[in-house]
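Visitor: Attaching a single structure in structure tokens format; questions to follow.
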Protein chains: 2
Amino acid sequence: MTCTLSDIARQTGFSVSTVSRVLHDNSNRYKIREETKEVIRSVATALGYTPNKIARGLRLNRTHQMGIIVADLANPFFATMVKSISKEARKSGYSIVVCDSDENTHLEEESIKTLMENRVDGLLIAAVGVEREHLERFRSDDVPFVFLDRLYDDISDDAVSVDNRKGARDATEHLIQNGHRRIAILQGLPGTYANTGRVTGFRQAMADAGIEVRDQYVVGDDFGTLNGFLGTKHLLRMEDPPTAIFAAGYLIALGALDALREEHLVVPRDVALVTFDDPGFAPHLSPPLTAVEQPIEQMGEMGVKLLLRRLRDPSSAPRRILLEPRLIVRESVAPLVVPA
Amino acid sequence: MTCTLSDIARQTGFSVSTVSRVLHDNSNRYKIREETKEVIRSVATALGYTPNKIARGLRLNRTHQMGIIVADLANPFFATMVKSISKEARKSGYSIVVCDSDENTHLEEESIKTLMENRVDGLLIAAVGVEREHLERFRSDDVPFVFLDRLYDDISDDAVSVDNRKGARDATEHLIQNGHRRIAILQGLPGTYANTGRVTGFRQAMADAGIEVRDQYVVGDDFGTLNGFLGTKHLLRMEDPPTAIFAAGYLIALGALDALREEHLVVPRDVALVTFDDPGFAPHLSPPLTAVEQPIEQMGEMGVKLLLRRLRDPSSAPRRILLEPRLIVRESVAPLVVPA
DNA sequence: AGTGGAAATGCAAACGATTGCATTCAATAT
DNA sequence: ATATTGAATGCAATCGTTTGCATTTCCACT
């Protein structure tokens, strides 16, 4: 039996308007006698009044909900991101409606449609990232989008991501500084924002050090574990195998680790390994994995802030923010020992 | 410029009622001429009509949103659960509003309040699980609760969890069958539903095998990594250290692994290790970890189903479902070799 | 021709809030 | 005494739907 403003009005003898003003309007535009405020407030708590955001949303055209779409909630990366979004959104009185697109463009489109029907005030989206036509179709000035993690180069919305190039460069330089020259990269899905950045950073670091990157040292085509496993096996079978490997994602690194163990190679003694992305369990692997940590929480937080800013000031210029990742050195890279 | 039913009505010359019936009512209670249906539908798509669920929610007193509260979204366990909830909910046209209580009773209460204000149709909650008074306070027949994973023994709502006792028994029996007698348990937070069940299962298995469990073999007080680390260190310092360890959660197991490595003990040669909970990376640890896998997806799915059933039929008897976990044998347990 | 009934559609109230524009009343100023 | 003012409150429209109850039209049947 939820109670409404008019229930309180009836009980107190005041009008619905007055009750509404006492309970919800904190701008001091209306003068209400202290005494009546008290009466109304006490009756409200007595009846257990819970404001109806649905009704308010209809009237004000603001639901105080934001929509979130991520490509895979079961991925700790996105889960952590959603957690930080939730925390930041709550601070401003927003709730989040979460959708999982399951790395599927069609479900992504469905999700957008649903969120639009729910009249969310804005949308944070970590897009699947291959196609984008369906995104354009829903762009409207009414409901702002903020892109997270997975960007499109020429998109004109607010966006937050991580400097993939920088992270990859740092990781690669770390290998180079440890004396490695024959360095391979296990890449993710070609054409995606993340992969392109990471491969580019890798190449830059190699070029800066004056090392040629051999074509056969660039292997893989997917961010999954199996790809890391197969890619590593492939590398190890070469007549001139690499002494160090840079994995473009943590699942890839797990696959690499499996392959190396299966070949009875010890990390870092026989092969050095660095990975992009630093999942929580990385310190507990053996050896603890050297990894590029992404500022995930910060990304979620910034995303919410950008969205809130746009809701306040819809005409402000869109911003694109690149956060800095950080190389965390643990024990999976050792100086190269040159065979005597 | 979102378009409404009345925009379509104006364009087509029909009344709002008729437009509404064509676009949303698929019960054949009203007869509408085929021809007018077509006209209305085509104008609707031409104008890009998006139904306003807020308005509809107000009228029908149904938002088609369900609220989810989990204790920690960054925990892969809950992330996976939310993912499966999202999938199952979408099938029935429901969206999910997600809150993270951060293992904090006060935030949990706040979350419930927010979700109530949002007028979600029902609530799925993986509770923090120590206190419960705040939960009772919000119990109402209007908004049904379904408890997930973390239950209270005497609660009268629908609930789904996992058979912790059975899982712990299976794990312990596996150790016993491998010849172990001196078996320790690293427990989680005492007093929580999960911990109690797991400890009980452990004790049952030991009792059934006629092995006495020594008090000093039951250590720990928290589900975190540090607790696993410290607990293991403690066990290893004993004059009569255990030959096998059962960890009540995966973070505990990670800590145990760290401690064992630090002591230069090799799993499973020197110490056997089983854990409750089977995170995705368990197969990639060295050694691959033998673990009790929980049917997480199924739990989310069942939770949604229970909630939907109750929404359809509010007076049906509450059900409490216990799902079966499954021991996955990998390589962290070996037969005990008795020193000659 | 009159009646009954079905088919097709419209009217208007309701859901619970917000808010511009009255209205009432008392106090102060002229 | 009257006009002016401001404080305190109420009226009623509005947001976009849904739906019970008309209403209109038309056809079939006696």
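Visitor: Mind listing the phi-derived Karplus ³J(HN,Hα) values for region A:258-264, rounded to whole Hz, using 6.51, -1.76 and 1.60 with θ = phi - 60°, and x for any glycine or proline?
Guide: Residue by residue, region A:258-264 yields 4, 4, 5, 4, 4, 8, 6 Hz.
Visitor: I've got another one for you. Using the Karplus equation 6.51 cos²θ - 1.76 cosθ + 1.60 (θ = phi - 60°), what ³J(HN,Hα) coupling, rounded to whole Hz, does each residue of region A:99-104 give in order, writing x for Gly and Pro?
Guide: Running phi through 6.51 cos²θ - 1.76 cosθ + 1.60 with θ = phi - 60° gives 10, 10, 8, 6, 6, 10 Hz.
Visitor: What are the residues whose amide H is under 5 Å from the amide H of A:I96, where those residues sit 5 or more places off or on another chain and H is modelled from the backbone?
Guide: A:M66, B:V98
Visitor: Quick one: length gained pulling A:A317 to A:H234 fully straight, 0.36 nm per residue minus the C-alpha distance?
Guide: Stretched out fully, the A:A317 to A:H234 stretch lengthens by 25.1 nm.
Visitor: Positive end of the dipole of chain B, charges at C-beta (+1 Lys, Arg; -1 Asp, Glu), about the Cα centre: which of B:Q216, B:I68, B:Q187 has its Cα farthest in that direction?
Guide: B:I68
Visitor: At B:A46 and B:R59, where each label point lies 7 Å from the Cα along Cα→Cβ, what is the point-to-point distance in nanometres?
Guide: Those two pseudo-labels are separated by 2.3 nm.
Visitor: Ranked from highest to lowest mean number of other Cβ atoms within 10 Å per residue, what is the order of the peptides B:249-260, B:75-86?
Guide: Answer by packing, highest mean first, reads B:249-260, B:75-86.
Visitor: Follow-up. So which of A:K53/A:K83; A:K113/B:K53; A:K91/B:K113; A:K53/A:K113; A:K87/B:K113 end up more than 18 Å apart, counting from Cα to Cα? Numbers along the way, then the final one.
Guide: Values: A:K53/A:K83 23 Å; A:K113/B:K53 12 Å; A:K91/B:K113 15 Å; A:K53/A:K113 21 Å; A:K87/B:K113 16 Å.
Pairs exceeding the cut-off: A:K53/A:K83; A:K53/A:K113.
Visitor: If packing is taken as the mean number of other Cβ atoms within 10 Å per residue, what is the order of B:315-322, B:27-34, highest first?
Guide: Values: B:315-322: 12.5, B:27-34: 8.4.
Highest to lowest by the protection proxy: B:315-322, B:27-34.
Visitor: Other chains' Cβ within 10 Å of B:324-334 residues: what's the mean?
Guide: Mean shielding by partner chains, rounded to a whole number: 0.
Visitor: Just to confirm the numbers: B:L322, label point 7 angstrom along the Cα-Cβ line, distances to the other copies in nm, shortest first?
Guide: Copy-to-copy label distances for B:L322: 5.6 nm.
Visitor: Compare the Cα positions of B:T232, B:V199, A:Q177 along the charge dipole of the protein assembly as shown (+1 at Cβ of Lys, Arg; -1 at Cβ of Asp, Glu; about the Cα centre) and return the one farthest towards the positive end.
Guide: B:V199
Visitor: Find the eigenvalues of the gyration tensor of the Cα atoms of chain A, then list the square roots of 5 times those eigenvalues as equivalent ellipsoid semi-axes, largest first, in whole angstrom.
Guide: The answer is 53, 19, 17 Å, longest axis first.
Visitor: Please work out the Kirkwood hydrodynamic radius for the protein assembly as shown, using every pair of different C-alpha atoms, and report it in angstroms with one decimal place.
Guide: Taking every pair of different Cα atoms in the protein assembly as shown, averaging 1/r and inverting gives 27.9 Å.
Visitor: Restricted to Cα positions, what overall size does region B:3-129 have along the principal axes? Three whole-Å values, descending.
Guide: Between the extreme Cα coordinates on each principal axis of region B:3-129 lie 57, 27, 25 Å.
Visitor: Angle, helix A:76-91 long axis vs. longest principal axis of chain A, Cα atoms, 0 to 90°, nearest 10?
Guide: Around 30 degrees separate the two axes.
Visitor: Let me ask something additional. Taking 7 Å along the Cα-to-C-beta vector as the label spot, tell me the B:V337-B:L226 distance in nanometres, rounded to one decimal.
Guide: It is 3.7 nm.
Visitor: Under the definition of partner shielding as Cβ atoms of other protein chains within 10 Å of a residue Cβ, what is the mean value for peptide B:42-54?
Guide: Working: counts 0, 0, 0, 0, 0, 0, 3, 0, 7, 3, 7, 8, 14.
Counting other chains' Cβ atoms within 10 Å and averaging over B:42-54 gives 3.
Visitor: Here's another thing I want to ask about it. Can you give the relative contact order of chain B as a percent, counting alpha carbon pairs under 8 Å and 6+ residues apart?
Guide: Working: 608 pairs, mean separation 55.7, N = 340.
Here the relative contact order equals 16 percent.
Visitor: Work out from phi, with θ = phi - 60° and the Karplus expression 6.51 cos²θ - 1.76 cosθ + 1.60, the ³J(HN,Hα) of each residue of region B:175-182, listed in order in whole Hz, and give x for Gly and Pro.
Guide: Per-residue couplings from phi come out as 5, 4, 4, 8, x, 7, 10, 8 Hz.
Visitor: Shifting gears a bit: Per residue, how much space in cubic angstrom lies within the convex hull of the C-alpha atoms of region B:200-340?
Guide: Expressed per residue, the convex hull around the Cα atoms of region B:200-340 is 143 Å³.
Visitor: Rank by packing, highest mean first: peptides B:131-142, A:180-191, B:38-49, with packing defined as the count of other Cβ atoms within 10 Å averaged across residues.
Guide: A:180-191, B:38-49, B:131-142
Visitor: Below 16 Å, Cα to Cα, which aspartates and glutamates can B:K233 reach? Residues fewer than 8 away in the same chain don't count.
Guide: Once the sequence-local aspartates and glutamates are set aside, what remains near B:K233 is B:D221, B:D222, B:D258, B:E262, B:E263, B:D270.
Visitor: Going by Cα centres, region A:286-319 and region A:105-133 are how many Å apart?
Guide: Value for the Cα centre distance between the two parts: 18 Å.
Visitor: Using a label position 7 Å from Cα in the Cα→Cβ direction, what is the ascending list of nm distances from A:T2 to the same site in the other copies?
Guide: 1.8
Visitor: Taking the Cα centre of region A:1-139 as the origin, how large is its charge dipole in debye, to the nearest 20, when only Lys and Arg (+1) and Asp and Glu (-1) carry charge on their Cβ atoms?
Guide: Rounded to the nearest 20 debye, it is 1080 debye.
Visitor: Using alpha carbon centroids, what distance separates region A:1-33 and region B:34-86, in Å?
Guide: So the two Cα centres are separated by 31 Å.
Visitor: Under the definition of partner shielding as Cβ atoms of other protein chains within 10 Å of a residue Cβ, what is the mean value for peptide A:279-290?
Guide: For this peptide, the per-residue mean of nearby foreign Cβ atoms is 5.
Visitor: Turning to a different aspect of this structure: Quick one: putting +1 on the C-beta of Lys and Arg, -1 on the C-beta of Asp and Glu, what dipole do you get for chain B around its Cα centre, in Debye to the nearest 20?
Guide: In debye, rounded to 20, chain B gives about 1700.
Visitor: Another question, then. Place a +1 charge on the Cβ of each Lys and Arg in the protein assembly as shown and a -1 charge on the Cβ of each Asp and Glu, then give the dipole magnitude about the Cα centre in debye, rounded to the nearest 20.
Guide: On the way: 82 positive and 94 negative charges, 495 e Å.
Charge dipole, the protein assembly as shown, about its Cα centre: 2380 debye, nearest 20.
Visitor: Since chains A and B are linked by a rotation, which residue in A has the beta carbon closest to its axis, and how far is it in Å?
Guide: A:A79, 2
Visitor: Shifting gears a bit: Report the paramagnetic label zone for A:K31: residues of region A:2-20 whose backbone N is under 14 Å from a point 7 Å from Cα along the Cα-to-Cβ axis.
Guide: None, by backbone N distance to the label point.
Visitor: Give the distance, in whole Å, between the Cα centre of region B:135-207 and the Cα centre of region A:215-246.
Guide: Here the two parts' Cα centres lie 43 Å apart.
Visitor: Sticking with this one: Taking the label point 7 Å from Cα in the Cβ direction, how far apart in nm is A:Q216 from each other copy of itself, listed shortest first?
Guide: Spelled out, the distances from A:Q216's label point are 6.0 nm.
Computed from the coordinates by the stated procedures, all read-outs in this text should not be read as laboratory data. Given the structure is predicted, the values throughout are model-derived calculations rather than measurements. Cβ atoms come from the backbone with ideal geometry, glycine included; neighbour counts cover every protein chain shown.
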